[in-house]
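Quick notes on the structure that follows.
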Amino acid sequence: MKDAILTILRQAGDYLSGQEISRTLGVSRTAVWKAVEKLRQEGYIIESAPNRGYRLSQATPQLRLSEILAHLPPDYPWRNSITFFESIDSTNSRAKAMAAANAPHGTVLIADEQTGGRGRRGRSFLSPPGTGVYLSVLLRPDCVPSQLMHLTCATAVAMCDAIEEVAHFRPGIKWTNDLVSHNKKLAGILTELSLEAESGQVQYAVVGIGINCCQEERDFPPELREMAASLSMIAGQTVDRNALAAAMVKALIQMDAVLLTNQSAIMERYRADCITIGREVSLRRGDTVRRGRALDVDDNGALVVQFSDGHTEAVNSGEVSIRGMYGYV
Ligand code: BTN
C-alpha cells in the first residue's frame, strides 16, 4: 500500500487528490491518509494542501530496496538479484556464503549497516547505520586469475563514475583501491577470489565497496577525522544514498560487460583517475620501508616505482601498502 502510493505520487510528479489515490488503489481515503502518515514517519516529505491532495517533495534519506529499485529501469539486469539488509556482519562474507550455495553471477547485496565490515589486510571497515552504502557483488567470470588482475582497478573506475553521476564531482583513486578527495578517503574496495583447485579457473569473485556518503565530520571517530570524508562533505550538499546505490549497481553492470575484453581501455581510465602517479611514495613490505617515485600503473594494476638508486620495479598491491610522503594520500 505505502509502495503503491509512492509509485502513484512519483508518476504524478505533482499534487494528486486523496480521492483519486483512493479510487485508483480501491481503498478508503482514511487508509490513504494513514499510509501517508506512515511514509512521513519513515522520512518522506509529503506535502498536503486543501483541495489539491498530496505531493511527494522529497524521498526518505533511509536506504531501502524499494527506493533503490525506483532509480533503476524496470527491466534492468541484476534488478531482481538485489538483496537488502538493514544490518549484517559483512556483505562480502554473506556473498561468499551465497556463492558457496550456488548463487548466480550478478547477485548484489546492499546493507545499511555492517557489524563486522572487513577492509584489506585483515583490517575492519567502520560501517555505521544511516550514513554509508555497503555493497557486494558476486561475479562468476569464465577465466583464470591472471585475467582478473585489473578487477579492483576496474571497480575503482566504475565507482568514480557512480559517484560523479550522483554527487557531481569525480574522486581520485589512491593506488590501488581507495577513492579520495581533498586528501581524505571516501571509499574502499575489497576484492576476494575463489579458485577451483584442479583447473586453476576462477570459481567466483566477490567485489565489496564501502562508500562514506552522508557523514558529517563529527560522525567520524576523532582518530579518522584527518583521513576520512563523505560524499556529502565534499559535494557541500546531501547526497541521496538510494540514488548512489543504484548508480553503483549500474556502473558495476557496465564494468562487468567489458571486464575481460577491454583491459587496456579500462586501465587507461584508471591511470587518468589515479592520483598516486607522479608522487613520492613510501612502500611498506613487512617491516621494511622503501622510498621512491610512482611513475605509472601497468595494465595489471601494478605500481611502477622508481627507487632512489634509479632502478624501477612494478610492485603488486598484495605485496605492499603505500603512504604519500606527507600523510594518508
Ligand atoms: C578497505 O578500504 O580496506 C576496503 C574496504 C571495503 C569495505 C566493503 S563494505 C562492503 C563489503 N563488505 C565488507 O565487509 N567489506 C566490503
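The values are calculated or read from the model by the stated rules, or taken from the named source; none is laboratory data. Predicted model, so just to flag it, every value in this text is computed and none were measured. Note that we place each Cβ from the backbone using ideal geometry, even for glycine, and neighbour counts take in every protein chain shown.
Filtering the stretch 1-21 to residues that are part of a helix (DSSP H, G or I) and either of a type in the set (Val, Ile, Thr) or buried (at least 17 other Cβ atoms within 10 Å of the Cβ) (or both) leaves Ile5, Leu6, Thr7, Ile8, Leu9, Gly18, Ile21. Say whether the condition of being under 30 Å from Pro221 (Cβ atoms) and not hydrophobic (A, V, I, L, M, F, W, C) is met by at least one residue in the stretch 136-148. There is at least one residue in the stretch 136-148 that is under 30 Å from Pro221 (Cβ atoms) and not hydrophobic (A, V, I, L, M, F, W, C).
If I ask for residues that are of a type in the set (A, V, I, L, M) and either within 7 Å of the ligand (Cβ to nearest atom) or within 22 Å of Ala246 (Cβ to Cβ) (or both), which ones from the stretch 125-135 would you list? So that I can check it myself, show each step before the final result.
First, the residues of the stretch 125-135 that are of a type in the set (A, V, I, L, M): 126, 133, 135.
Those that are of a type in the set (A, V, I, L, M) and either within 7 Å of the ligand (Cβ to nearest atom) or within 22 Å of Ala246 (Cβ to Cβ) (or both): Val133, Leu135.
Of the residues making up the stretch 238-264, those that are outside any helix (DSSP H, G or I) and of a type outside the set (S, T, N, Q) number 4. Listed by first and then second residue, the pairs linking a residue in the stretch 106-123 that is under 20 Å from Leu63 (Cα atoms) to a residue that is of a type in the set (Asp, Glu) and more than 7 Å from the ligand (Cβ to nearest atom), with Cβ atoms under 9 Å apart and 6 or more places separating them unless they lie on different chains, are Ala111/Glu86; Asp112/Glu86; Glu113/Glu86; Gln114/Asp89; Thr115/Asp89; Gly116/Asp89; Gly117/Asp89. If you go through the stretch 210-237 and pick out every residue that is assigned to a loop (DSSP other than H, G, I, E, B) and farther than 22 Å from His168 by Cβ, you end up with 5.
Scanning the stretch 295-329 for residues that are assigned to a loop (DSSP other than H, G, I, E, B), farther than 21 Å from Ala154 by Cβ and either at pLDDT below 90 or among the small types (Gly, Ala, Ser) (or both) turns up Ser308, Asp309, Gly310, Met325, Tyr326, Tyr328, Val329.
Give the number of residues within the stretch 265-289 that are of a type in the set (D, E, K, R) and in a helix (DSSP H, G or I).
The initial filter retains those residues of the stretch 265-289 that are of a type in the set (D, E, K, R), namely 268-269, 271, 273, 279-280, 284-285, 287.
Okay, now just the ones that are also in a helix (DSSP H, G or I), so 268-269, 271, 273.
Count: 4.
Within the stretch 1-44, the set of residues being more than 37 Å from the chain's Cα centre (by Cα) and of a type in the set (Lys, Arg) comprises Arg23, Arg29. Here is the figure for the stretch 177-196: residues that are within 10 Å of the ligand (Cβ to nearest atom) and crowded, with 19+ Cβ neighbours inside 10 Å total 8.
When only residues in the stretch 263-289 that are over 20 Å from Asn183 (Cα atoms) and modelled with pLDDT of 95 or more count, which is surrounded by the most Cβ atoms within 10 Å (Cβ to Cβ)? Filtering first and then ranking leaves Ile266.
Would you confirm, using the coordinates I've provided, whether Gly292 is out of contact with any Asp or Glu (no Cβ under 8 Å at 6 or more places or on another chain), small (Gly, Ala, Ser) and either part of a strand (DSSP E or B) or surrounded by fewer than 19 Cβ atoms within 10 Å (Cβ to Cβ) (or both)? Give the derivation first.
Working: out of contact with any Asp or Glu (no Cβ under 8 Å at 6 or more places or on another chain): no; small (Gly, Ala, Ser): yes; either part of a strand (DSSP E or B) or surrounded by fewer than 19 Cβ atoms within 10 Å (Cβ to Cβ) (or both): yes.
So Gly292 fails the test.
Note on the stretch 197-228: residues that are buried (at least 23 other Cβ atoms within 10 Å of the Cβ) and either modelled with pLDDT under 95 or within 20 Å of Gly130 (Cα to Cα) (or both) amount to 6.
Looking only at the stretch 136-165, residues that are crowded, with 21+ Cβ neighbours inside 10 Å and touching a helix residue (DSSP H, G or I) at 6+ places or on another chain (Cβ under 8 Å) come to 15 in all. Checked against the criterion of being buried (at least 19 other Cβ atoms within 10 Å of the Cβ), within 11 Å of the ligand (Cβ to nearest atom) and of a type outside the set (Lys, Arg), the candidates Gly117, Gly122 yield just one match: Gly117. Entry remark, the stretch 99-112: residues being surrounded by 18 or more Cβ atoms within 10 Å (Cβ to Cβ) and either of a type in the set (A, V, I, L, M) or assigned to a loop (DSSP other than H, G, I, E, B) (or both) number 8 in total.
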